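The values are calculated or read from the model by the stated rules, or taken from the named source; none is laboratory data. Nothing here was measured: the structure is a model prediction, and the numbers come from that model. Reconstructed Cβ throughout: ideal geometry from the backbone, glycine too, with neighbour counts over all protein chains shown.
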Amino acid sequence: MLQRLGFPSVGRHRRFVTAIAIDAVGSGVFMPVSVLYFLVATDLSLVQVGAAISLASLVSLPVGPLLGGLVDRVGAKPVLLAGNALQCVGFAAYLLVDSFAALTAWTVAVTVGRTAFWGSYGNIVAAISAPGERETWFGFLGALRNVGFAIGGLASGAAITIGTSSAYATVVVVNAVSYAVALVLLLAVPPVPPTHHADEPGSWGVVLRDGPYRVLWTSQLLFAIAMMVLNFAIPVYATNLLDLPGWVTGAVFTLNTLMIGLGQGLVVRAMTGARRWRVLVLGHLLFVASYVVLLAAAASAVARPVALAAAVVLLGSVVYTLGELVGGPVHGALSAEAAPDHLRGRYLSLIQLAWNLASTVAPVCFAWLLDRGAAPLWLVLAAVSLLGAVVAARLPAVLPLAAARVTNRADDDAGTVLEV
């Protein structure tokens with residue numbers, strides 16, 4: 001079945017894949033109710049909860065590069081396990097949070113744990129897959145997490161419907177347990193051994209002087225900003241600016257989940273033979289096209305009927321998801337392969353930093369633009385993604401791997417692949 005959808009065979013890696021799926025379901029349960037839980041379980045105001053989450057994200061930003069060096073020195077597996085364990089403890093501690101300071105402190109712990117997990121995750125994926133099939137693996141695991149989020153989201157909907165403090169506490173417990181179960185499964189993952197080169201002086205200097213990778217990092221940052229639109233811009237735009245019913249936002253997320261869960265493998269398979277940089281350019285241009293469609297929804301909402309504006313928003317969301325389907329796997333594969341093996345932890349920590357920066361800046365910037373209307377939001381985002389297309393078009397001139405074709409076929413000469 002997986003092969004028919006364009007996904008890899010997971011036989012040797014079933015424990016790792018199962019851990020990722022369980023982790024995603026737990027996260028999907030908690031994410032939709034995260035703010036609501038603290039409002040119900042504590043005496044904190046909405047502003048205080050939002051400030052604590054933003055402050056924790058800001059404080060945690062420098063941690064990513066530090067953890068990248070740790071991955072190179074001790075290997076990816078210990079950092080991955082520590083990240084999962086820290087998130088498990090942090091979410092369990094949320095059951096006892098009753099003040100702004102406690103919420104901030106434990107959210108820092110959870111954020112650091114998440115950064116550790118994602119900072120080592122790419123190293124593991126690169127180790128279990130061979131060059132040539134990494135788009136397939138990054139695409140598959142991304143789709144799997146998306147489906148897990150959706151399943152968890154359905155469960156969280158029940159908690160929101162019940163609305164009691166016990167229901168919300170159950171969500172937190174389920175999330176903490178999911179991290180514990182995933183941790184047990186991940187213990188079976190063979191270590192990705194570090195190399196002695198990682199301890200050589202000046203390693204960070206090598207990373208920071210890598211001009212071609214800086215271009216790739218810039219492309220990743222612009223892509224990550226676009227990836228924040230689904231969670232932070234579209235729901236507020238549809239509900240507050242267009243005054244559309246709540247089911248529209250739910251339908252947007254459902255469409256996104258179904259398209260990624262069922263279509264990611266097929267899209268990666270369809271990329272076979274395409275130049276990587278051209279795929280990235282296409283991803284950014286699809287984002288631009290989606291913003292144009294979403295902007296048109298504002299005119300549709302004024303003209304009425306509501307059904308027309310809702311249909312336009314859903315169409316824009318479909319085009320947006322196509323950009324995610326196209327660009328995500330190639331960015332993941334290229335970021336891992338363009339990094340030298342002995343410094344991959346440091347290199348990928350910079351990619352994680354791009355995502356953390358986007359998630360820190362996007363909510364505030366999107367809110368500021370939304371406050372000024374539909375045109376400022378979508379035109380600025382279109383400009384950001386156009387810049388992303390320009391940067392991606394420059395990649396083959398500085399990074400030969402970006403000019404390579406997507407093969408979706410393992411390179412038999414690539415060396416040993418880690419069995420998980």
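Details
- Scanning region 121-144 finds one or more residues that are assigned by TED's automatic domain parsing to the domain that holds LEU187, in a helix (DSSP H, G or I), without any contact (Cβ under 8 Å) to a residue 60 or more places away in the chain and on the phi < 0 side of the Ramachandran plot.
- The C-beta contact set for region 378-406 (first residue free of Cβ contacts under 8 Å to residues at least 24 places away in the same chain, second residue surrounded by 15 or more Cβ atoms within 10 Å (Cβ to Cβ) and part of a helix (DSSP H, G or I), distance under 7 angstrom, 6+ apart or interchain) comprises VAL380/LEU369.
- Across region 291-301, a minimum of one residue is classified as closer than 30 Å to LEU55 by Cα and either out of contact with any strand residue (DSSP E or B) (no Cβ under 7 Å at 6 or more places or on another chain) or assigned to a helix (DSSP H, G or I) (or both).
- Count - residues of region 365-393 that are within 16 Å of LEU221 (Cβ to Cβ) and out of contact with any helix residue (DSSP H, G or I) (no Cβ under 7 Å at 6 or more places or on another chain): 3
- Residue list for region 1-37, filter: among the hydroxyl-bearing types (Ser, Thr, Tyr) and at pLDDT 80 or above: THR18, TYR37
- Whichever residue in region 239-275 is outside any helix (DSSP H, G or I) and among the small types (Gly, Ala, Ser) and, among such residues, is farthest from GLY373 (Cα to Cα): GLY273
- Lone qualifier among LEU343, LEU370 - being aliphatic (A, V, I, L, M) and surrounded by fewer than 19 Cβ atoms within 10 Å (Cβ to Cβ): LEU370
- In region 343-379, the qualifying residues are those that are among the small types (Gly, Ala, Ser) and over 29 Å from SER120 (Cβ atoms), and the one that is modelled with the lowest pLDDT is ALA367.
- Counting only residues that are surrounded by 24 or more Cβ atoms within 10 Å (Cβ to Cβ), over 20 Å from ASP243 (Cα atoms) and more than 19 Å from the chain's Cα centre (by Cα), region 278-302 holds 0 of them.
Residues are listed down the side, and each one gets a yes or a no for (1) closer than 30 Å to GLY113 by Cα; (2) among the small types (Gly, Ala, Ser):
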{"site": "ALA289", "(1), (2)": "no, yes"}
{"site": "VAL312", "(1), (2)": "no, no"}
{"site": "GLY316", "(1), (2)": "no, yes"}
{"site": "LEU325", "(1), (2)": "yes, no"}
{"site": "ALA338", "(1), (2)": "yes, yes"}
{"site": "ILE351", "(1), (2)": "yes, no"}
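For every residue, the table says whether it meets (1) over 30 Å from ILE162 (Cβ atoms); (2) surrounded by 15 or more Cβ atoms within 10 Å (Cβ to Cβ); (3) touching a His at 6+ places or on another chain (Cβ under 6 Å).
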| site | (1), (2), (3) |
| --- | --- |
| PHE30 | no, yes, no |
| VAL35 | no, no, no |
| ASP43 | no, no, no |
| VAL63 | yes, yes, no |
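- Restricting attention to region 251-260, the residues that are of a type in the set (A, V, I, L, M) and either surrounded by fewer than 18 Cβ atoms within 10 Å (Cβ to Cβ) or farther than 21 Å from SER359 by Cβ (or both) total 4.
- Pairing each residue of region 69-86 that is at pLDDT 85 or above with any residue that is among the aromatic types (Phe, Trp, Tyr), provided the two are 6+ apart or on different chains, yields C-beta distances under 7 Å for LEU80/PHE117; LEU80/TYR121; GLY83/PHE117; ASN84/PHE117; ASN84/TYR179.
- Hits in region 107-137 (condition: basic (Lys, Arg) and in contact with a Ser or Thr (Cβ under 9 Å, 6 or more places away or on another chain)): ARG114
- When ASP43, ASP72 are checked against the criterion of being in a helix (DSSP H, G or I), farther than 16 Å from VAL177 by Cα and of a type outside the set (S, T, N, Q), a single residue qualifies: ASP72.
- Candidates PRO363, PRO376 - the one that is within 18 Å of LEU295 (Cα to Cα) and either in the same structural domain as ARG214 (by TED's automatic domain parsing) or outside any helix (DSSP H, G or I) (or both): PRO376
- Hey, LEU66 out of contact with any Leu (no Cβ under 9 Å at 6 or more places or on another chain), in a helix (DSSP H, G or I) and under 20 Å from SER335 (Cβ atoms) or not: yes
- Sole residue being buried (at least 22 other Cβ atoms within 10 Å of the Cβ), more than 18 Å from VAL236 (Cβ to Cβ) and either in contact (Cβ under 8 Å) with a residue 12 or more places away in the chain or touching a Leu at 6+ places or on another chain (Cβ under 9 Å) (or both), chosen from GLY327, GLY263, GLY273: GLY327
- Screening region 237-250 for residues that are crowded, with 16+ Cβ neighbours inside 10 Å and of a type outside the set (Ser, Thr, Tyr) and picking the one that is modelled with the highest pLDDT gives LEU242.
- The single condition from (1) in a helix (DSSP H, G or I); (2) at pLDDT 85 or above that GLY50 fails is (2).
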